[in-house]
Amino acid sequence: MDPWTTTYGAGLLAAAVLLPFAGMLLGLLLGGRHVQRVAFVVIPVGLALAAGIAWHWLQGGGRALVYLLGGWAPPLGIALRADGPAVAMLLAVSVVVCGIGVYARADFGTPRGVKESRAAFGYWLLLLAVWGALNLVLVSGDLFTLYVALELLTFAGVPLVCLSGSGETLRAALRYLLFALCGSVLYLLGVVLVYGGYGTVDIALLAASVRPEPIASTALALMTVGLLAKTALFPLHVWLPPAHAGAPAAASALLSGLIIKGSWFLAVRLWFDAMPTVVTPSAAQLLGALGAAAILFGNAVALRQQRLKLLVAYSTVAQIGYLFLMFPLAFDAAAGRMAGGLALAGGLMQAIAHATAKSAMFMAAGSIYAALGHDRIADLAGLARALPISVFAFALGGVSLVGLPPAGGFLAKWWQLSAAVATGQWWFALVLLAGGLLTAAYLFIVLSRALQTPTAPLALRAPVARDRELATLALALVSVLLGLVALADLQPLFAARPAAAGA
């Protein structure tokens, strides 16, 4: 089959990208009172599109879906592609957006007779913009389109941090913007070098022509550092916890669960698909060392937090580290290039399990804050009796982060441990085990406080809407049930590699 022809059903890729942006523009035209209604029409349709893409991918026997914009093939045209990892991430993003959308109704809804607010109007538009930008990141087939998608994601994510408009959140948003823009400059410099050296930025064409030489190594280094700044990998994480501190829970769930996954997935495309032969063992080990440091540092700082939301924020710093352990584990020393297999499968499963679990934990923390008027861990005694569903959802999300069976986090860590043993990199296996123990420690602290009997009856400042709690519980259950993927033998969905042009 000609690799530069549009495959059957690939038009859904363009629809998945355009639909959220079309909804955003329609909501902008209709005004704040109607933008939520537009979002709740777009969200189920977008979920159906993601499911349709997955169905066509399965019907095609796992062959990547390809859609040529305007019918022009690369390098003159732009191709959208969806292989196994992209399909899995498209489904995960759609499910998380659905859960967050239901949860956000209580915070950003505009009932009849209530004056529309700037925050509610902005949130639904930004939610759709984040979704569209993420879909574009997942299906883009060339490095420059990925740059455009990443910038759209950044400029949709930054305003989410400062929806309250306070000085503290504005400073956090500006810090986030500074790191993101510096990362964008480095990434774009790398793209310029690639185009100057090889005359193309299409990933499939680049993979066939790139060679281990100084220009390729320099471009890879620049782009990787830029993406690490956007992903908040240690020690470039300093913008992430302040961004969470004052942001609404529905915004934090988007930022931690989805937005940082965009730049990480781009790094996966860069290392595994565009320049797999340029990667050196020392570069892969360096990335793994940063991931290990993030795991140990983030978990250690999370143990010292007094506020629940900051604990979950520093937990995100640690969980990002797991996403980068797969890079040295996936390096094939014999072939001198990046490979797929268990390491890549584990990294992708980790990304999906983290997206669902961490979104649920931030949403649970937001419900707890709304009910109590605070999120001080020391004052959570009696919470399990007052908000049992929220506490249970928080615990289920923690189970996935720790890596207990049958959660998706367990399957991800099991695959990564297996890859570490198979490649003889036992030090990363120790980091995985230590990270799980530290995560269990701060999860125990929170749950033990919540299960304690209070000295005085716990007074709730406001009741928590049942749909908020059910949306939180649903995402937490998804994070646990992801472990059943092992029973369905769907590992190829996470480990499939796209076919190179002309293969």
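The values are calculated or read from the model by the stated rules, or taken from the named source; none is laboratory data. Remember, it's a predicted structure, so these values are computed and weren't measured experimentally. Cβ atoms come from the backbone with ideal geometry, glycine included; neighbour counts cover every protein chain shown. When the accessible area is computed, the model is the full protein with side chains, heavy atoms only, and any ligands, DNA or RNA have been set aside. Shrake-Rupley method; radii C 1.70, N 1.55, O 1.52, S 1.80 Å.
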Could you tell me what a quarter of the Cα convex hull surface of region 150-196 works out to, in nm² with one decimal place? 3.1 nm²
Leaving ligands, DNA and RNA out of it, report the carbon-plus-sulfur percent of the accessible area of region 377-443 at a 1.4 Å probe. 79 percent
Between LEU174 and ASP467, what is the spin-label point distance in nm, taking each point 7 Å from the Cα along the Cα→C-beta axis? 3.8 nm
Take the chain, mark every one of the chymotrypsin sites (Phe, Trp or Tyr not before Pro) that falls in a DSSP loop and has at most 12 other Cβ within 10 Å, then report the longest stretch left between them, sites excluded. 73-503
Isotropic mean projected area of the C-alpha convex hull, region 381-488 (nm²): 8.0 nm²
Treating only Lys and Arg (+1) and Asp and Glu (-1) as charged, each at its beta carbon, one finds that region 1-145 has a dipole about its Cα centre, in Debye to the nearest 20, of 560 debye
Around LEU205, what is the net charge, scoring Lys/Arg as +1 and Asp/Glu as -1 over all other residues with Cβ under 13 Å from its Cβ? -2
If you count only protein heavy atoms with a 1.4 Å probe, what accessible area per residue comes out for the chain, rounded to a whole Å²? 37 Å²
For region 101-158, the accessible surface attributable to carbon and sulfur atoms (probe 1.4 angstrom, ligands and nucleic acids excluded) amounts in percent to 62 percent
With 0.36 nm assigned to each residue of separation and the Cα-Cα distance removed, ALA14 to PHE144 gains 45.1 nm
Distance cut-off 30 Å, percentage of C-alpha pairs in the chain lying past it: 43 percent
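Quick one: pull the percent of accessible area on region 213-361 belonging to carbon and sulfur, 1.4 Å probe, ligands and nucleic acids left out.
Carbon and sulfur atoms account for 69 percent of the accessible area of region 213-361.
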With 5 Å bins from 0: P(r) over region 355-399, alpha-carbon pairs, percent: 5, 24, 33, 26, 9, 2
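For region 127-222, how big is Rg over Rh, using alpha carbon atoms and the Kirkwood form of Rh?
Taking Rh as the inverse mean 1/r over Cα pairs, Rg/Rh reads 1.09.
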What does the charge dipole of the chain about its Cα centre add up to, to the nearest 20 debye, if the Cβ of each Lys and Arg holds +1 and the Cβ of each Asp and Glu holds -1? 1180 debye
Once you list every other residue whose beta carbon is under 12 Å from the beta carbon of THR316, what net charge do they have if Lys and Arg are +1 and Asp and Glu are -1? +3
Using only Cα atoms, what Kirkwood radius does region 55-142 have, in angstroms? 15.4 Å
